[in-house]
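Data first, discussion second: the structure below is written as structure tokens.
Taken together, the values in this text are just the output of simple stated rules run on the coordinates, not laboratory data. Because the structure is a prediction, the values reported are computed rather than measured. Glycine also receives a Cβ, built like all others from the backbone with ideal geometry; neighbour counts cover every protein chain displayed.
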2 protein chains.
Amino acid sequence: MNNLSPRRTGGRAARRASRAAPLDTLMRPVRPGLEGGTLKVLTDAQITRIHDAALDALDRIGLSGAPASGIAYLTAAGAIQGDDGRIRFPRALVEETIARANREITLYSRDGLNDLHLGGARVHYGTAGAAVNMVDVDGRNYRESTVQDLHDAARIVDVLDNVHFCQRPMVARDIPDNMEMELNTVYACCTGTTKHVGTSFTEPHHVAPAMEMLYMIAGGEDEFRARPFVSNSNCFVVPPMRFATESCEVMERCIEGGMPVLLLSAGMAGATAPSTIAGAIMQATAECLAGLVYVNAVKPGHPAIFGTWPFGLDLRTGAMSIGSGEQALLSAGCAQMHQFYGVPGGAAGGASDSKLPDMQAGWEQMCSNVMAGLAGVNMVYEAAGMHASLLGFCHESLILGDDLIGQALRCVRGIEVDDETLALDQMEAVCIGGPGHYLGTEATLARMQRDHCYPNLGDRSSPKEWVEKGKPDLVEKAVARKEEILAQPSAARLNPRLDAEIRKRFAIHL
Amino acid sequence: MNNLSPRRTGGRAARRASRAAPLDTLMRPVRPGLEGGTLKVLTDAQITRIHDAALDALDRIGLSGAPASGIAYLTAAGAIQGDDGRIRFPRALVEETIARANREITLYSRDGLNDLHLGGARVHYGTAGAAVNMVDVDGRNYRESTVQDLHDAARIVDVLDNVHFCQRPMVARDIPDNMEMELNTVYACCTGTTKHVGTSFTEPHHVAPAMEMLYMIAGGEDEFRARPFVSNSNCFVVPPMRFATESCEVMERCIEGGMPVLLLSAGMAGATAPSTIAGAIMQATAECLAGLVYVNAVKPGHPAIFGTWPFGLDLRTGAMSIGSGEQALLSAGCAQMHQFYGVPGGAAGGASDSKLPDMQAGWEQMCSNVMAGLAGVNMVYEAAGMHASLLGFCHESLILGDDLIGQALRCVRGIEVDDETLALDQMEAVCIGGPGHYLGTEATLARMQRDHCYPNLGDRSSPKEWVEKGKPDLVEKAVARKEEILAQPSAARLNPRLDAEIRKRFAIHL
């Protein structure tokens, strides 16, 4: 904790301490890691068919494009390179890999208060993506995103209860040099939030300096390796069925540096993946299985997230579409594949095609977020703030997403059925000789905070009260909340001496 | 069909004919009656516990408030009136009723093109409610709803593919006389849409004149009885566990007149029902089981919808709250009780606490709509247009709801897994010696219309295209669509001679 600034406000410190208290956390109506799994969009027989087809695809078609190092790792593990250069994966190799892969992964937070324990059908929501624009809601404008926008997004994530991790959602376009941009991305996220950070390196030689920075922030290499609070999102394939050569090299560097990896397969159904939901899930599954073999060939048991991220496409225009029902089914189906293999998995949910935080954004974000949660996706990526089919990020929408995800999490939590909740005795007391209603009964009051998830900005007032309050506008409330959050100093900022050291060593743009 | 005006436009007639063609309908990506059931928020053991508690409640606590006629029907069937006046239901009576109740109900449309075949986990969405305000989106105003607003809502429902029935969503407050208001409600809905209409009579003596009007519209009493295109929503209980005396008498008149009934139990969790989700579902189940015994005692096998509509409450304020995750769980859990009993059922979904069609409205409407659908609610009531915790109805939101429900229905439809959709052969052809992508493949193009549900007003354009189009606003697009719909004559209007007869007999305010 010595890497945190000592100038923390009392209120914030108290809130953090309160969040750390396990009993208190258990009293909250929703929390990270609630267990999903009530939604099964695939039957067991369908899961088996997808699995079989994926193994066939790996055996018959295989993947091209592996770097020389990858070919060496994979063939040493038992994969076979054909005359056509493609690496094919015998069924037994894949099955053995699944059997010995890491099944429980912790994605650490820097301060230990928001560690994410992935596995089973435990659900976490967070940001992600590579938007190139910021949405300015006031002027309804799209403009290029900057490193300051990214830092601000991380700071907002830091205070939102229902956004559990901060994978970088946008590209710092004001930093033209690629390596500098990626180092600043790490800095901007880590100084904005102590929650788990995700980033994505594009070139293998960017990894070493980033690791150097992270080891400095962690207080040493061993400290980082013990609790890696940053993971790398590896677009290790260019679907269909082709390794992304450089990204695979990046992945090897990350594994060596002690950083968990997200095996991200982002096929677009109808373009780089089959247009059918089943086909897109099958291909993503095959690709991620190849990735899992790769990771375990480099370092057995290294933490890897099974990142089946198939995306939808609007086939009328060929444009990406992320807010559809088809998208929600894609991600929910993927969750069942993760659970079938028993490996921690992630998928996309909660992004919108709409350009603004309007009604369309609300229905699209909820549809895939709640279904991903109900299906038990461990890591729901792009869950808040994402617009324009992933091209735009919006701070106000991120803030509203916290409310939205709260309700989705309430649905994930589900229904408790026991003598107390069935309330038969209470019903009898109320109906026979009682007041004829349950208002203010001890049972009602006792569960008021524990059972019900209340919105922060969502409005539940009557029309009359709403008029009296001056007809508050939802987006304007989010703007005000954003300003309030950003007016405070970042609670995740570094100790000034450490910060100075980092700034001396790296060109920090913030 | 002779009750329809002959002055129908060719385009509209063609669309209706097209909707009637079964093959064409099957080609549509979504349609009424898609089978839900992939979401199970209750385990089988939990369902059994709720069922047992409900039977215990009926046996131990029973219901007060039955009218004399109801007491006669119920005790003749085997229920027992205690010294305290309450009617108690022996377990065997309830179980026998469940066994012989009508398990497959058709809710008819007037023109036969939109009949709803309830049963199993087949899902239909529609309007409902008793809002007292209209939401004017232009001025962000709430004003009293009128009979013209109601008629316009029915006309809008008539052209929306994904809003399958029109239960009256608001009260015609410009007609002070209660009977006149209810007769005009029937007229306004039936002349606005040929889809199935739901209404709600408050007094037993309102039923006969309404039946007279409906028999006239149907072309005779036998014609109406053969294909009743209007059903009655009976708030037959005042929860907890008290029959609504007059509403029960209304129900008896409706059964005698040949009208299907909705057994509506609308407890508010924390006020008129236990605050827990399990308790609220249990009480609604008990009450609807009592209603089912009642209906079957009056007329065995009479079509009755098991209307468990428990609503949420914001326990901080005691105000009704309908947009929460708890609400979505309530309705999804109820669907499983309907399926457990094998009786057609309905529940509330898709209503919002928000005052306007904003992002909150979008997420709230989607959350309960998609979960109700995935759980397989036969009739999802209040699925579109409903705001302010049921106090306001909005035409523009209704239109946007059509898009929203389309995506929810796409999720209900689920994932088809077979050799064609798994696309392994296609994958091989694409990857090995093929183009390396699936764009424009025969398989992709062939399924483009069948698999994908495209929004009508939802925007999927890129930020650049969106700017070029002048940054279209979602709600403004809905306003324009509303004006376009209402500028056309109602396709459901009556033949002028019949209309004149009705106007001679009844005081029609439209």
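Tabulated data
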| read-out | value |
| --- | --- |
| Simple label model, 7 Å out from Cα along Cβ direction - A:THR43 to A:ALA500, nm | 6.9 nm |
| Value of Rg/Rh across chain B [Cα atoms, Kirkwood radius] | 0.99 |
| Ranking of A:THR193, A:THR106 by count of other Cβ atoms within 10 Å, fewest first | A:THR106, A:THR193 |
| If the convex hull is drawn through the Cα atoms of segment B:261-405, its volume per residue in Å³ | 99 Å³ |
| Theoretical FRET efficiency, 1/(1+(r/R0)^6), r = Cβ-Cβ of B:ASP425 and B:ASP83, R0 56 Å, to 0.05 | 0.15 |
| A:MET27 versus A:ALA92: modelled label distance in nm, points set 7 Å from Cα along the beta carbon direction | 5.8 nm |
| Tilt relative to chain A, helix A:474-487 - C-alpha long axis, 0 to 90 degrees, to 10 | 70 degrees |
| Built amide H within the under 5 Å cut-off of B:PHE243, gap 5+ | B:SER64, B:GLY65, B:ALA66, B:VAL238 |
| Between segment A:246-268 and segment A:105-146, the Cα center-to-center distance that results, in Å | 18 Å |
| Length-normalised contact order of chain B in % [C-alpha pairs under 8 Å, at least 6 apart] | 20 percent |
| Calculated SAXS-style log₁₀ I(q)/I(0) at q = 0.13 Å⁻¹ - segment A:130-276, Debye, Cα scatterers | -0.63 |
| Footprinting exposure proxy for A:LYS477, A:LYS504 (fewest neighbouring C-beta atoms within 10 Å first) | A:LYS504, A:LYS477 |
| For segment A:298-375 and segment A:473-510, distance of Cα centres in Å | 29 Å |
| Zone residues, segment A:468-503, relative to B:ASN141, backbone N less than 20 Å from point 7 Å out along Cα-to-Cβ | A:468-473 |
| Nonlocal amide H pairs with B:GLN81, under 5 Å, H built at 1.01 Å | B:ARG88 |
| Per-selection Rg to Rh, the protein assembly as shown - Cα, Kirkwood hydrodynamic radius | 0.99 |
| Rule-of-thumb Rg ratio for segment B:59-181 [Cα; 2.2 N^0.38 Å; N residues] | 1.52 |
| Residue exposure sequence - B:THR421, A:THR75 - by fewest surrounding Cβ within 10 Å | A:THR75, B:THR421 |
| Compactness relative to 2.2 N^0.38 Å, alpha carbon Rg of segment A:138-190 | 1.19 |
| Between 0 and 90°, nearest 10: helix A:207-218 axis offset from chain A longest Cα axis | 40 degrees |
| Nearest-ten-degree value, helix A:68-77 long axis tilted from longest Cα axis of chain A | 80 degrees |
| FRET efficiency for B:ARG60 and B:ALA446, using Cβ-Cβ distance with R0 set to 60 Å, rounded to 0.05 | 0.50 |
| Of A:LYS464/B:LYS477; A:LYS355/A:LYS482; A:LYS40/B:LYS195, those spanning more than 22 Å from alpha-carbon to alpha-carbon | A:LYS464/B:LYS477; A:LYS40/B:LYS195 |
| Gyration tensor (Cα) of segment B:363-497, equivalent ellipsoid semi-axes in angstrom | 36, 21, 17 |
